[in-house]
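Right, one structure below, let's go through it.
Bear in mind these aren't lab numbers, they're just calculated from the coordinates by the rules spelled out. No experiment lies behind these values; they were computed from the predicted model shown. For neighbour counting, all protein chains shown are included, and Cβ atoms are generated from backbone atoms with ideal geometry for every residue, glycine included.
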Amino acid sequence: MILLFLALLLTSNPYTKAAPVTLSSTGADVTTGSAVNRVTVYPSGVRVERSASVRLVRGINNVLITPLQGNIDPESITVSVDGNVTVMSVIPAVNFLESPAATAETNRLNRQKRDLELRIAFQENLVYVLNEEEQALKENRRIEGNPQLSGILYLRDVMDFYRQRLTEISTKRLEIRREISDLNEELRRVNNQLAGQRGTQREPVTEVKVLLDSPMEMTGRIRVSYFSGDAQWQPVYDIRVEDVNSPLRLQYKAGISQRTGENWDNVEIFLSSSGPLRGQQSPVLNPWRIDFPRALRVSNSESTFQESRRLVRDGTEMQLSGIVVDATTNEPLSGANVIIPGTSGGTVTNNQGFFSLQVPSAITDLEVRYIGYETMRVPVTGNILAVAMNAADFAMDEVVVSGYSPAKAAAPAPVVMDTPLSFNFEVPARYTVPGDGEEQQVVITEYDLDAQYTYLAIPKIEEKVWLQARISDWERLNLLNGRANLFLGSTYLGNSRINPSVLTDTLALNLGVDEGIIIDRTKVDQYSSRSFLGGKVTQTLTWDIEVRNTKRHSVTIRLTDQIPVSNRREISVDLSDAGGARHNNETGELVWHLEVGPNLSRTVRFSYQVRHPNDERVVLE
């Protein structure tokens with residue numbers, strides 16, 4: 001009994017020293033969020049770097065980092081910790097119960113939806129009250145049997161009251177139902193917008209379980225990086241010309257969009273010109289077998305069909321390779337995105353337009369995208385594909401850029417990090433990029449460029465004069481293929497394209513039609529004729545081209561026309577008067593470089609003859 005009393009006394013004494021806390025074998029559990037502080041965006045995909053501050057105990061710590069949003073590649077997740085903390089394991093997991101955080105736009109739409117639903121309910125209650133009042137009037141309008149309700153005048157007053165009130169009720173109810181219809185239409189649009197917003201949030205979130213061994217109790221900073229396919233960037237150029245006596249200003253920008261469902265708030269941004277090398281393989285050059293035409297048609301088609309079936313249908317994966325070219329020029333397209341539909345997988349073509357990637361055997365087609373070209377769906381019929389892409393339609397003639405060099409930088413020059421396979425930009429300022437797919441344009445740098453302004457006219461096609469800026473020596477600007485927005489003063493001229501892969505010596509930018517220069521092309525009938533001699537027809541055509549300059553300064557115009565070129569021995573073409581033009585015998589092109597003074601006109605005349613058999617018809621106009 002005494003021993004028991006002493007034991008109770010010791011255990012209940014508040015001054016007794018407590019036993020030390022012993023961690024379980026699984027260690028201390030810590031759950032933390034994290035913030036995105038840096039992203040490296042590729043033409044298709046992004047590497048996200050984020051960090052979190054956690055309190056660690058000495059020994060083993062189980063840290064759960066959540067939530068990570070977007071279509072994340074689990075194999076790309078890496079974790080590092082400051083100090084002497086050892087990362088023992090990194091285990092990504094998918095949480096199907098956790099909902100991604102709603103964006104500010106989604107929250108706004110939800111508030112708007114609730115407000116509309118309340119307004120609709122209020123209006124429906126008004127209709128209910130009006131219906132009840134109408135029913136009460138109908139039930140109490142009988143007055144017979146009441147001696148106090150007698151007389152023609154009183155009856156007339158009662159009927160006028162009922163008529164007036166029922167009319168008011170019907171009119172008010174019609175107005176309310178019309179308002180309810182408008183509110184329901186607005187609610188439908190909000191619901192559709194919400195459905196589009198939620199499309200970026202349907203994927204479950206990813207959590208990262210990290211096992212850390214800390215030598216002491218401390219506050220540590222954990223850094224997590226991973227690759228996601230839910231982002232992209234493309235070059236965007238703003239080209240501005242104030243007048244023909246001022247430098248041309250080029251603003252080099254990047255259009256970034258991402259659909260992770262999470263905003264990147266005030267982050268550092270790096271831009272890479274090529275995608276990560278994961279999964280990419282070099283192309284394979286298969287044997288080129290030739291045969292006689294008849295045998296080639298039979299045996300080669302059969303072997304191609306058998307090889308396609310074997311490659312596409314056997315196994316779980318197959319290797320595809322191919323080339324992407326321009327359908328018009330047959331030039332290879334470098335940096336084209338080759339995407340496996342329905343997935344985040346894909347690759348990018350190299351400088352020669354080649355690509356190679358592993359795809360599931362069930363894939364029947366690929367999607368090919370390239371800035372300035374129409375997106376294509378290419379059927380997979382074998383292990384080697386050739387893709388010819390058509391240029392997209394633009395508001396004005398497409399601009400071909402071969403390069404230029406800056407006269408001076410109008411903004412701090414970008415930090416460019418060259419690698420053996422690409423170059424990367426460090427964006428000089430921090431930006432916020434929304435997570436709903438809306439494009440955010442960020443400025444990389446600006447240049448003031450020395451340009452030679454000339455005018456271009458082809459009146460046979462269109463009697464207009466185009467202002468053109470030409471810039472040379474371009475190799476130092478690290479241009480990429482991208483769209484360009486053209487401005488003359490404050491006037492927006494339209495879209496064009498910059499393509500640095502075209503190897504010419506100058507950049508030629510068509511800046512639009514100059515209405516201050518008038519051009520007119522007419523046939524001179526008195527010097528045009530048609531004659532017959534010795535079974536031959538001789539047609540003589542003479543043309544005048546007049547250029548009028550209504551501007552206050554001289555202009556230089558590159559004027560282009562042509563004469564026909566014969567494809568048959570029986571047809572001959574003779575240029576009898578070139579009018580001072582430079583003539584290309586192979587193409588029939590005539591080129592003048594005209595200096596036209598202010599408020600002056602110049603006219604050039606050229607003439608040619610075409611002879612052909614009189615029993616054949618040749619169309620010349």
| field | Highest to lowest packing among 477-485, 513-521, 183-191, scored as the average C-beta count within 10 Å | value | 477-485, 513-521, 183-191
| note | Sorted on mean Cβ neighbours within 10 Å (highest first), peptides 70-81, 163-174 come out as 70-81, 163-174
| query | Taking the alpha-carbon centroid of each part, what is the distance from region 437-475 to region 106-126 in angstrom? | reply | 51 Å
| Taking amide H positions as placed 1.01 Å from N in the peptide plane, with prolines and chain starts having none, which residues 5 or more places from residue 493, or on another chain, fall under 5 Å of its amide H? | 486, 487, 488
| task | Enter the Cα centre distance for the pair region 247-276 and region 478-495, rounded to the nearest angstrom. | result | 18 Å
| Residue by residue through region 77-90, which ³J(HN,Hα) values in whole Hz follow from phi under the Karplus form 6.51 cos²θ - 1.76 cosθ + 1.60 (θ = phi - 60°), with glycine and proline marked x? | 6, 10, 9, 9, 9, 5, x, 8, 6, 9, 8, 8, 7, 10
| remark: Karplus ³J(HN,Hα) for region 41-49 (6.51 cos²θ - 1.76 cosθ + 1.60, θ = phi - 60°; Hz, whole; x = Gly/Pro) runs 9, 9, x, 8, x, 7, 9, 9, 10
| FRET efficiency, 1/(1 + (r/R0)^6) with R0 22 Å, evaluated for residue 490 and residue 553 via beta carbons | 0.60
| Efficiency of FRET from Cβ geometry, residue 94 and residue 358, R₀ 30 Å, rounded to 0.05 | 0.80
| query | From the phi of every residue in region 589-602, what ³J(HN,Hα) in whole Hz does the Karplus formula 6.51 cos²θ - 1.76 cosθ + 1.60 yield, where θ is phi - 60° and glycine or proline is x? | reply | 6, 10, 10, 10, 10, 9, 9, 10, x, x, 6, 10, 10, 9
| message | Please give me the summed charge of the neighbours of residue 616: other residues whose Cβ is under 13 Å from its Cβ, Lys and Arg +1, Asp and Glu -1. | response | +3
| query | Hey, with R₀ at 30 Å, roughly what FRET efficiency would residue 181 and residue 136 work out to, going by the Cβ-Cβ distance, to 0.05? | reply | 0.65
| request: May I ask for the distance between the Cα centers of region 347-366 and region 205-234, given as a whole number of Å? | output: 31 Å
| message | If you take every residue apart from residue 270 with its C-beta less than 11 Å away from the C-beta of residue 270, what net charge results, scoring Lys and Arg +1 and Asp and Glu -1? | response | -1
| Of the peptides 35-48, 209-222, how do they stack up when ordered by the mean number of other Cβ atoms within 10 Å, highest first? | 35-48, 209-222
